[in-house]
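Everything below concerns the one structure shown next.
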Amino acid sequence: AQTVTQSQPEMSVQEAETVTLSCTYDTSESDYYLFWYKQPPSRQMILVIRQEAYKQQNATENRFSVNFQKAAKSFSLKISDSQLGDAAMYFCACENYGGSQGNLIFGKGTKLSVKP
Amino acid sequence: GAGVSQSPSNKVTEKGKDVELRCDPISGHTALYWYRQSLGQGLEFLIYFQGNSAPDKSGLPSDRFSAERTGGSVSTLTIQRTQQEDSAVYLCASSLRSGQGRWRQYFGPGTRLTVT
């Protein structure tokens, strides 16, 4: 069974600074996707960034980048130049690639606060 | 086009009553997922529909939970004889599951269920 672990229930960052959110996962599959989702108080899940396990290059999306360490099963999210609008719950998730099920397995989330 | 919509936005019910939660996926999306998010937790997979195939019900927590998807579009999640532990946000997502972009799940805003 797949599991996703986020060991930081809460994090805080000063506006314009950089913060890294940690995530580890466990899967027996060789091909899978990894995701970071943002959930503001509106409850809407917003996709932040995606990484395909077969790709060695770390994904980047504007101020957001990941550090994907496949052997260590680690998938951290770095937010650069943090903005007040980045404050939200962040969830790490994993999905088997090409599997018949296709559902996402989520971690318990990290609540990010951004201080002005 | 419109995103995934869910209704109602909030539902308060008495213990023991039945409730129905509705999800309208993005038009053309063949896959539909239901997740449950309990307070302070990540999302927990409940059920998955893909086209005309039999749904994957492996995540349903008890036989009080059921879901159907009519005409490959709208889905209804039914909880019978609600219990206080059923209180949570119920999120629906849809995706293409084929072709480019098949990996991406689009989430609705959720239904917050409170059982008193």
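The values are calculated or read from the model by the stated rules, or taken from the named source; none is laboratory data. Here the structure is a predicted model, which means the values were calculated and not measured. Using ideal geometry, Cβ is built from the backbone for each residue, glycine included, and neighbour counts are taken over all protein chains shown. Quick note on the areas: whole protein, heavy atoms, side chains included, nothing else; ligands and nucleic acids left out. Shrake-Rupley method; radii C 1.70, N 1.55, O 1.52, S 1.80 Å.
Among (1) part of a strand (DSSP E or B); (2) at pLDDT 95 or above, there is one condition A:CYS94 misses while meeting the rest; what is its number?
(2)
Please note which strands (runs of 3 or more DSSP E) are completely contained in the stretch B:1-105 and include at least 3 residues that are without any contact (Cβ under 8 Å) to a residue 24 or more places away in the chain.
B:43-50, B:65-69
Would you confirm whether or not the stretch A:40-58 contains a residue that is within 11 Å of the chain's Cα centre (by Cα) and outside any strand (DSSP E or B)?
no
Go through the stretch A:57-116 and report how many residues are open to solvent by 30 Å² or more (accessible area, probe 1.4 Å), closer than 24 Å to B:TRP103 by Cα and either among the basic types (Lys, Arg) or within 14 Å of chain B (Cβ to nearest Cβ) (or both).
13
So that you can scan it fast, the table gives a plain yes or no per residue for (1) aliphatic (A, V, I, L, M); (2) in contact with a Leu (Cβ under 8 Å, 6 or more places away or on another chain):
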site	(1), (2)
A:MET11	yes, yes
A:GLN14	no, no
A:THR18	no, no
A:THR27	no, no
A:LEU34	yes, no
A:ARG50	no, yes
A:GLN57	no, no
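Criterion first (more than 28 Å from A:LEU34 (Cβ to Cβ), surrounded by 13 or more Cβ atoms within 10 Å (Cβ to Cβ) and charged (D, E, K, R)) does B:ASP18 satisfy it? Even if it seems obvious, please write down each step before you answer.
On the way: more than 28 Å from A:LEU34 (Cβ to Cβ): yes; surrounded by 13 or more Cβ atoms within 10 Å (Cβ to Cβ): no; charged (D, E, K, R): yes.
So B:ASP18 fails the test.
For the stretch A:1-27, what are the residues that are in a loop (DSSP other than H, G, I, E, B) and either aliphatic (A, V, I, L, M) or free of Cβ contacts under 8 Å to residues at least 12 places away in the same chain (or both)?
Once the filter is applied, which keeps residues that are in a loop (DSSP other than H, G, I, E, B) and either aliphatic (A, V, I, L, M) or free of Cβ contacts under 8 Å to residues at least 12 places away in the same chain (or both), the stretch A:1-27 yields A:ALA1, A:ALA16.
So which of B:THR76, B:THR30, B:THR13 ends up being open to solvent by less than 20 Å² (accessible area, probe 1.4 Å) and of a type in the set (Ser, Thr, Tyr)? Outline the logic, then answer.
On the way: B:THR76 fails: open to solvent by less than 20 Å² (accessible area, probe 1.4 Å); B:THR30 fails: open to solvent by less than 20 Å² (accessible area, probe 1.4 Å).
Criteria check complete, one pass: B:THR13.
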